[in-house]
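Colleague: Structure in structure tokens, see below.
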Amino acid sequence: MTAGPYISGIKLTGQLAAGSYLPAIPAIRHLMEAGALELRKPVTFFVGENGTGKSTLLEAVAVAYGFNPEGGTRNFSFSTEDSHSELWKALTLVKRGYASDGFFLRAESLYNVASYIDRIDREPSFSPQVIDSYGGVSLHCRSHGESFLALVQNRFGGNGVYLLDEPEAALSPTRQLTLLGQIAELVDRNAQFIIATHSPILMAFPGAEILEFSAAGIRPAAYRETEHYQVTRRFLENPERMLRILLEEE
């Protein structure tokens, strides 16, 4: 790895628009109060309940770094729907070293990325074909999970910044373990990952920093302290009891 992560800090240095909904999001409110969020490890997980700001912050970091809001590399330029927030304009990223590669991967908009690749490959001016860097087969010709892994395995080359938003949405538990192996290989090739996830499988990556988002803000958390791990463990140890309690409460 480099002397430190390529993105070693996230600072809120600009003003948010008057009447913006963003200050109501716990993660953004935390940044407004703390001023900065430090990233210290090659792999950082944003974890927490829905609505705490994980994906909102990750998206803003991606756009501030130069990635297309819907995903892709810094060279991708397309828009299916302009739905990203203006938070990125208020962020300053603390950077170290030079990352020669990078990708912003969103499970929810992978279809749009695949369509964009197919579209530009139909243009006669593009040679060699862009899809050659993604395994040589249109991502639309694979299942969602297969296309996701094909992208990581073929397109991610190391020496780069990779931002993943809820990758588990596309992957079975077995494929999540495959992704962990790919992340380990890429970290060995000087990669940095920032991943927003609900998956207790992914967040078990050795040596990763887990930042837990909650109504109280953002705090570092040990793996076994996270609600995701604890709830999953309690359920798997006694699913019948958990379901009985849940269904009786309803």
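The values are calculated or read from the model by the stated rules, or taken from the named source; none is laboratory data. Just so it is clear, the model here is predicted, and its values are computed rather than measured. Cβ placement follows ideal geometry from the backbone for every residue including glycine, while neighbour counts extend to all protein chains displayed. Areas reflect the complete protein model, heavy atoms only, side chains present, ligands, DNA and RNA absent. Shrake-Rupley method; radii C 1.70, N 1.55, O 1.52, S 1.80 Å.
Colleague: Once you compute Rg and the Kirkwood Rh from C-alpha atoms, what is the Rg to Rh ratio for the stretch 204-250?
Modeller: Reported Rg/Rh, Kirkwood definition of Rh: 1.11.
Colleague: Multiply the residue separation of A204 and T178 by 0.36 nm, subtract the distance between their alpha-carbon atoms, and state the gained length in nm to one decimal.
Modeller: Extra length available between A204 and T178 comes to 8.0 nm.
Colleague: What length, rounded to one decimal in nm, is gained on full extension from N154 through to E49, with 0.36 nm per residue of separation minus their alpha-carbon distance?
Modeller: Extra length available between N154 and E49 comes to 34.6 nm.
Colleague: Something else about it: Given labels modelled 7 Å from the Cα in the Cβ direction, how far is it in nm from V231 to D188?
Modeller: With each label placed 7 Å out from Cα toward Cβ, I get 3.5 nm.
Colleague: Moving on. Within 10 Å, count the other beta carbons around each residue, average over each peptide in 197-208, 233-244, 49-60, 89-100, and list them highest first.
Modeller: Top to bottom by mean Cβ count within 10 Å: 49-60, 197-208, 89-100, 233-244.
Colleague: Using modelled amide H (1.01 Å from N, peptide plane; none on Pro or chain starts), what sits under 5 Å from the amide H of G9, excluding residues fewer than 5 places away?
Modeller: It is L39, V94, by chain and number.
Colleague: Give me the net charge of L163's neighbourhood, meaning all other residues with Cβ under 13 Å from the Cβ of L163; Lys, Arg count +1, Asp, Glu -1.
Modeller: With Lys, Arg at +1 and Asp, Glu at -1, the net is -2.
Colleague: Which far-off residues, 5 or more places away or on another chain, put their amide H under 5 Å from the one on E70, with H placed in the peptide plane?
Modeller: When sequence neighbours closer than 5 places are left aside, there are no close amide H contacts.
Colleague: Give me the accessible area per residue for the stretch 185-248, probe 1.4 Å, as a whole number in Å².
Modeller: 56 Å²
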